[in-house]
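What follows is a single structure, written as structure tokens, with notes after it.
The values are calculated or read from the model by the stated rules, or taken from the named source; none is laboratory data. Remember, it's a predicted structure, so these values are computed and weren't measured experimentally. With ideal geometry, Cβ positions are generated from the backbone for all residues, glycine too; neighbour counts draw on all protein chains shown. Just so you know, the surface numbers come from the protein's heavy atoms only, side chains and all, with ligands and any DNA or RNA stripped out. Shrake-Rupley method; radii C 1.70, N 1.55, O 1.52, S 1.80 Å.
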Amino acid sequence: MPVIDVNGIQLHYEEAGEGEPVVMIQGTGAGRTVWQLHQVPALTAVGFRVITLDNRGIPPTSEWTEGFTLQDMVGDVAGLIEHLGIGPCRVVGTSLGAFVTQELALSRPDLVRQAVLIATRGRTDALRAALTRAEIELYDAGVELPVRYAAVVRALKSLSPRTLDNEAAMADWLDLFELSPAGGPGHRAQMDLSTLDHRLEAYRGIRVPCQVIAFADDLITPPHLAREVADAIPGAEYELIEGCGHYGYLEDPTTVNKAMVEFLTGTAAH
């Protein structure tokens with residue numbers, strides 16, 4: 001797996017496929033491998049070269065445990081695109097990765113040809129701010145939740161009622177969550193960035209073609225907050241996908257990938 005020195009860190013990334021490049025940015029605490037089950041195959045199948053990366057804070061990329069900002073993460077992605085010489089390119093991000101993507105589209109439009117913003121928002125409301133503070137306090141207190149309990153809470157936060165009510169699917173999800181490693185200090189540093197400043201007015205200045213994909217049952221970035229981002233960005237497309245929570249790109253990858261591919265290739269029916 002290639003590694004580059006960029007923006008003061010060592011950043012690890014991976015490439016798949018050939019064709020026009022797409023850079024994919026994951027959310028809080030997650031690594032590049034999450035994209036590889038569904039999204040990378042879908043994009044390479046239609047002729048894209050896909051670059052996935054481990055964000056600052058997620059090993060083997062530098063953890064940078066003293067803390068960092070959203071703009072540091074934007075600079076990391078900008079540096080990767082410049083290092084590879086692929087700008088302007090398509091960029092896809094989910095959750096925190098979407099925050100990075102929309103800030104990159106705003107500050108470095110020369111590097112972004114199109115942007116897909118999955119499970120995003122442009123401000124932090126009272127409930128999401130309280131959730132972030134509570135999770136940070138729990139982490140900082142050194143509390144280690146029982147693995148099964150942590151898996152159940154993660155499922156309730158991140159999945160849709162449709163999935164939660166499917167006993168066979170839930171057995172698999174709970175097993176997966178139990179096997180997922182606990183977040184380290186880099187994950188903790190990323191948690192601070194979940195309390196996004198009010199950026200909707202700034203996003204009116206984005207001129208890059210954008211698609212916002214929201215999930216109807218998303219508790220972490222609810223669709224009405226994603227809709228605000230789409231309304232703020234001139235000309236942005238908005239897709240609401242039913243029966244999905246925050247992990248909708250894993251719950252219903254067929255629908256998500258279809259919407260994303262149609263936008264990126266310009267083949268959507270209007």
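Among the residues of the range 218-251, those that are acidic (Asp, Glu) and crowded, with 21+ Cβ neighbours inside 10 Å comprise Asp218, Glu239, Glu251.
Report yes if some residue within the range 53-68 is within 20 Å of Ala105 (Cα to Cα) and open to solvent by 30 Å² or more (accessible area, probe 1.4 Å); otherwise report no. The answer is no, given that none of the residues of the range 53-68 is within 20 Å of Ala105 (Cα to Cα) and open to solvent by 30 Å² or more (accessible area, probe 1.4 Å). Residues that are touching a residue at least 40 places away in the same chain (Cβ under 8 Å), closer than 30 Å to Arg128 by Cα and buried (at least 16 other Cβ atoms within 10 Å of the Cβ) within the range 31-52 comprise Val34, His38, Gln39, listed in sequence order.
Restricting the search to helices (runs of 4 or more DSSP H) fully inside the range 167-270 and requiring at least 1 residues that are in contact (Cβ under 8 Å) with a residue 12 or more places away in the chain and in contact with a strand residue (DSSP E or B) (Cβ under 6 Å, 6 or more places away or on another chain) gives 223-232, 248-251, 253-265. Annotation: of all residues in the range 184-200 being closer than 15 Å to Pro60 by Cβ and small (Gly, Ala, Ser), the one that is least open to solvent (accessible area, probe 1.4 Å) is Gly186. Can we say Ile86 is within 21 Å of Asn257 (Cβ to Cβ) and crowded, with 18+ Cβ neighbours inside 10 Å? In short, no.
Across the range 134-158, the qualifying residues are those that are among the basic types (Lys, Arg) and free of Cβ contacts under 8 Å to residues at least 40 places away in the same chain, and the one among them that is farthest from Arg90 (Cα to Cα) is Arg148. Among the conditions (1) more than 22 Å from Leu106 (Cα to Cα); (2) open to solvent by 30 Å² or more (accessible area, probe 1.4 Å), Ser160 misses just one, which is (2).
Mind checking whether some residue in the range 176-185 is touching a helix residue (DSSP H, G or I) at 6+ places or on another chain (Cβ under 9 Å), within 21 Å of Thr254 (Cβ to Cβ) and not polar (S, T, N, Q)? Within the range 176-185, one or more residues are touching a helix residue (DSSP H, G or I) at 6+ places or on another chain (Cβ under 9 Å), within 21 Å of Thr254 (Cβ to Cβ) and not polar (S, T, N, Q). Each residue in the range 9-46 was checked for being out of contact with any Gly (no Cβ under 7 Å at 6 or more places or on another chain), over 15 Å from Ile58 (Cα atoms) and either part of a strand (DSSP E or B) or among the small types (Gly, Ala, Ser) (or both), and 9 of them qualify.
Let's see how each residue does on (1) in a helix (DSSP H, G or I); (2) modelled with pLDDT under 95:
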position	(1), (2)
Ser62	no, yes
Gly67	no, yes
Asp76	yes, no
Leu80	yes, no
Gly93	no, no
Phe99	yes, no
Leu117	no, no
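Within the range 6-18, the set of residues being open to solvent by 50 Å² or more (accessible area, probe 1.4 Å) and either closer than 25 Å to Gly47 by Cβ or at pLDDT 95 or above (or both) comprises Gln10, Glu14, Glu15, Glu18. Only a single item in (1) hydroxyl-bearing (Ser, Thr, Tyr); (2) free of Cβ contacts under 8 Å to residues at least 24 places away in the same chain; (3) in contact with a Phe, Trp or Tyr (Cβ under 8 Å, 6 or more places away or on another chain) is not met by Thr120, and it is number (2). As a summary of the residue check, Ile4 satisfies the conditions (1) touching a residue at least 40 places away in the same chain (Cβ under 8 Å); (2) over 18 Å from the mean Cα position of the chain (by Cα); (3) assigned to a helix (DSSP H, G or I) except for the one numbered (3).
Against the test of being small (Gly, Ala, Ser), open to solvent by 70 Å² or more (accessible area, probe 1.4 Å) and at negative phi, the options Ala171, Ala155, Ala126 yield a single qualifying residue, Ala126.
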